Amino acid sequence: MLKVKQPTGVSEYLRTQALAPDFSGQYRQHSKLLGNASPDIGQIALRYGANDFGSVMMEENVVSSAGTTFRLDAAQIESLIRDAGYEPRRRNNWYELLN
């Protein structure tokens, strides 16, 4: 089990989202991992620089074993993205946008 010296919260998560593009210039995608934070924090993360809301999880054993149980279908994810003021787009595993 991973030992954490100091627990982190929403503010640290959002700060990381905001700083990630500056420190990882070669990456175009900055995902908000849906299983790790609540849907409303996901919407805020989009404003902090995340440009990928995540995806529908087929198997969420890892995050559910950590106590996180946010389960959303594709329509709910797309609605959250629209409500945050963005246009949802689907992509494949290679981050190529789909029609």
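Can you list residue pairs whose Cβ atoms sit under 6 Å apart, with the first residue in segment 79-99 being touching a residue at least 40 places away in the same chain (Cβ under 8 Å) and under 14 Å from S55 (Cα atoms) and the second being assigned to a helix (DSSP H, G or I) and of a type outside the set (A, V, I, L, M, F, W, C)? Count only pairs 6 or more apart in sequence or on different chains.
L80/P39; L80/Q43
Can you find a residue that is modelled with pLDDT of 75 or more, within 24 Å of L97 (Cα to Cα) and part of a loop (DSSP other than H, G, I, E, B) anywhere in segment 12-29?
Looking through segment 12-29, none of the residues is modelled with pLDDT of 75 or more, within 24 Å of L97 (Cα to Cα) and part of a loop (DSSP other than H, G, I, E, B).
For segment 52-65: of the residues being open to solvent by less than 80 Å² (accessible area, probe 1.4 Å) and part of a loop (DSSP other than H, G, I, E, B), which is modelled with the highest pLDDT?
First, pick out the residues of segment 52-65 that are open to solvent by less than 80 Å² (accessible area, probe 1.4 Å): 52-57, 60, 63-64.
Imposing the further condition that a residue be part of a loop (DSSP other than H, G, I, E, B) reduces the set to 53-57, 60.
Values: F53: 79, G54: 73, S55: 71, V56: 71, M57: 64, E60: 57.
Among those residues, the one meeting the criterion is F53.
The values are calculated or read from the model by the stated rules, or taken from the named source; none is laboratory data. Please read these numbers as outputs of a predicted model, since none were measured by experiment. Because the Cβ atoms are built from the backbone with ideal geometry, glycine has one as well, and the counts that use them run over all protein chains shown. Ligands, DNA and RNA are excluded from the accessible area calculation, which covers all protein heavy atoms including side chains. Shrake-Rupley method; radii C 1.70, N 1.55, O 1.52, S 1.80 Å.
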